[in-house]
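> Dumping the structure here so I can ask a few things about it.
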Amino acid sequence: MAMRALGIDIGGTGIKAAPVDVETGKLLAVRQKIETPRPALPGAVAAVVKELVTAFSWSGPVGITFPGVVTDGVTRTAANLDPAWIGLDAASLFGEAASNRVRVLNDADAAGVAEMTFGAGVGELGTALMLTFGTGIGSALFTRGILVPNTEFGHIEVRGQDAEKRASERAKELHDLSWGKWAGRVDEYLQHIEALLSPNLIIVGGGISKQADKWVPRLTGIRARIVPAALHNEAGIVGAAMATRSESG
C-alpha cells in the first residue's frame with residue numbers, strides 16, 4: 001500500500017499544503033494555500049496548520065517545513081518570521097495543532113530532498129546545491145546524494161548585507177528590478193557561493209523558478225550547471241511529506 005502523508009510548507013508569505021504519495025512524489029489533491037499571518041507568531045501559524053489539516057480531513061502522518069534552522073523539532077532561527085520562534089519546540093506546537101505526531105524540518109532542505117529524489121537532481125552524485133528564491137533565499141547542500149542540513153547560505157554577506165536582501169524574489173519585487181538587473185544580482189550571489197562550494201549542479205527553485213526562462217539564461221558567470229527545479233513551488237510540500245518516513249514511533 002502506498003504511503004501517504006500531508007506536507008505543509010510554511011513560507012514567509014504563504015503556507016501551502018497537500019497530501020502526497022511519498023513513493024512517487026505526486027500530490028494527491030489540489031494544494032491549498034493560506035497567507036502567512038502577520039505578525040507570524042507561533043500560535044497564529046499553528047492555527048493555520050490546524051486549518052489546513054482540517055481542510056483535508058487528515059489523520060495520518062504530517063510533515064512541516066519551516067523557513068529557518070530546525071534541529072530535533074526545535075526552531076533555532078526565524079529570519080523571515082517572528083523572533084518568538086527562536087528556541088521553540090515547534091514539533092510539539094504543531095503536533096498539538098495537527099492532533100498527530102509531526103516531523104519539522106528546514107524548508108529548503110525539504111525542497112532539496114524532493115528535487116534530488118523526484119526532480120532535477122536525480123542521479124547527481126557530485127556536490128549539488130538547491131537554492132529557493134522567495135521571501136528569502138533557502139539552501140540545501142548535497143554530496144553524493146546525502147543532505148548537509150540547515151546550511152542557510154541565503155545569509156552569506158554580499159556587498160555588506162545578507163545575500164537574500166539583494167537577490168531574493170522579494171528583493172526583486174521591493175526594488176522593482178527588471179529581469180536583467182535581478183539576474184545580475186543572482187549571478188553575483190552565485191559567484192560567491194561557487195567560490196565557497198564549487199558545486200557540480202545548482203538547482204534554482206521557489207515560485208519564480210516557473211519563469212526560469214526569463215532569468216536563468218542570464219546567469220553567465222557560473223561554471224556549475226544551473227537548472228530550474230522540476231517540482232517548482234511544490235517541492236517543499238513533497239519534501240515535508242517525505243520527511244515523515246524517518247519518523248519512528
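> Against the conditions (1) open to solvent by 60 Å² or more (accessible area, probe 1.4 Å); (2) over 21 Å from Ile8 (Cβ atoms); (3) in a helix (DSSP H, G or I), where does Glu234 fall short? Just the number, please.
Every listed condition holds for Glu234 apart from (2).
> Got at least one residue in segment 99-109 being more than 19 Å from Gly239 (Cβ to Cβ) and either among the polar types (S, T, N, Q) or crowded, with 24+ Cβ neighbours inside 10 Å (or both)?
So the first thing to find is which residues in segment 99-109 are more than 19 Å from Gly239 (Cβ to Cβ), and the list is 99.
Remaining after also requiring either among the polar types (S, T, N, Q) or crowded, with 24+ Cβ neighbours inside 10 Å (or both): 99.
Within segment 99-109 (the criterion being more than 19 Å from Gly239 (Cβ to Cβ) and either among the polar types (S, T, N, Q) or crowded, with 24+ Cβ neighbours inside 10 Å (or both)), the answer is yes, since at least one residue qualifies.
> Does Arg166 qualify as being open to solvent by less than 40 Å² (accessible area, probe 1.4 Å), in contact (Cβ under 8 Å) with a residue 12 or more places away in the chain, part of a helix (DSSP H, G or I) and charged (D, E, K, R)? Can you show your working first?
Details: open to solvent by less than 40 Å² (accessible area, probe 1.4 Å): yes; in contact (Cβ under 8 Å) with a residue 12 or more places away in the chain: yes; part of a helix (DSSP H, G or I): yes; charged (D, E, K, R): yes.
Here the answer is yes, as Arg166 does meet what is asked.
> Of the conditions (1) in a loop (DSSP other than H, G, I, E, B); (2) over 15 Å from the mean Cα position of the chain (by Cα); (3) over 13 Å from Ala241 (Cα atoms); (4) at pLDDT 95 or above, Glu23 clears all except one; give me its number.
If we test Glu23 against (1) in a loop (DSSP other than H, G, I, E, B); (2) over 15 Å from the mean Cα position of the chain (by Cα); (3) over 13 Å from Ala241 (Cα atoms); (4) at pLDDT 95 or above, just (3) comes out false.
> Within segment 99-112, which residues are assigned to a helix (DSSP H, G or I) and among the hydrophobic types (A, V, I, L, M, F, W, C)? Step through it out loud before you land on a result.
Just the residues of segment 99-112 that are assigned to a helix (DSSP H, G or I), to begin with: 107-112.
If the condition is that a residue be assigned to a helix (DSSP H, G or I) and among the hydrophobic types (A, V, I, L, M, F, W, C), then Ala108, Ala110, Ala111 are the ones that fit.
> When you check Asp187 against the structure, is it surrounded by fewer than 22 Cβ atoms within 10 Å (Cβ to Cβ) and more than 30 Å from Val22 (Cα to Cα), yes or no?
Values: surrounded by fewer than 22 Cβ atoms within 10 Å (Cβ to Cβ): yes; more than 30 Å from Val22 (Cα to Cα): yes.
Yes: the conditions hold for Asp187.
> Also: Could you say which residue among Glu96, Glu115, Glu124, Glu51 is in contact with a helix residue (DSSP H, G or I) (Cβ under 8 Å, 6 or more places away or on another chain), assigned to a helix (DSSP H, G or I) and more than 16 Å from Ala240 (Cα to Cα)?
Sole residue among the options that is in contact with a helix residue (DSSP H, G or I) (Cβ under 8 Å, 6 or more places away or on another chain), assigned to a helix (DSSP H, G or I) and more than 16 Å from Ala240 (Cα to Cα): Glu96.
> A further question on this structure: In the list Thr13, Thr65, which residue meets the criterion of being over 20 Å from Ser246 (Cβ atoms), among the β-branched types (Val, Ile, Thr), in contact (Cβ under 8 Å) with a residue 24 or more places away in the chain and touching a Gly at 6+ places or on another chain (Cβ under 9 Å)? Write out each step before concluding.
Numbers: Thr65 fails: over 20 Å from Ser246 (Cβ atoms).
Of Thr13, Thr65, the one residue that is over 20 Å from Ser246 (Cβ atoms), among the β-branched types (Val, Ile, Thr), in contact (Cβ under 8 Å) with a residue 24 or more places away in the chain and touching a Gly at 6+ places or on another chain (Cβ under 9 Å) is Thr13.
> How many residues are part of a loop (DSSP other than H, G, I, E, B) and surrounded by fewer than 19 Cβ atoms within 10 Å (Cβ to Cβ) when one looks only at segment 80-91?
Quick first cut of segment 80-91, residues part of a loop (DSSP other than H, G, I, E, B) only: 80-82, 86-87.
Next cut, surrounded by fewer than 19 Cβ atoms within 10 Å (Cβ to Cβ) only: 82, 86-87.
Counting residues in segment 80-91 that are part of a loop (DSSP other than H, G, I, E, B) and surrounded by fewer than 19 Cβ atoms within 10 Å (Cβ to Cβ) gives 3.
> Just give me the residues in segment 148-165 being at positive phi and among the acidic types (Asp, Glu), in sequence order.
Hit for segment 148-165 is Glu152, nothing else.
> Given (1) closer than 26 Å to Ile10 by Cα; (2) in contact (Cβ under 8 Å) with a residue 60 or more places away in the chain; (3) outside any helix (DSSP H, G or I); (4) of a type outside the set (A, V, I, L, M), identify the lone condition not met by Asp176.
Status for Asp176: all satisfied but (2).
> Now for a different question. Kindly check whether there is at least one residue in segment 54-73 that is open to solvent by 50 Å² or more (accessible area, probe 1.4 Å), more than 17 Å from Asp9 (Cβ to Cβ), assigned to a strand (DSSP E or B) and not β-branched (Val, Ile, Thr).
No, segment 54-73 contains no residue that is open to solvent by 50 Å² or more (accessible area, probe 1.4 Å), more than 17 Å from Asp9 (Cβ to Cβ), assigned to a strand (DSSP E or B) and not β-branched (Val, Ile, Thr).
The values are calculated or read from the model by the stated rules, or taken from the named source; none is laboratory data. Source: prediction; values computed, not measured. For neighbour counting, all protein chains shown are included, and Cβ atoms are generated from backbone atoms with ideal geometry for every residue, glycine included. Protein only, heavy atoms only, side chains kept; ligands, DNA and RNA dropped before computing areas. Shrake-Rupley method; radii C 1.70, N 1.55, O 1.52, S 1.80 Å.
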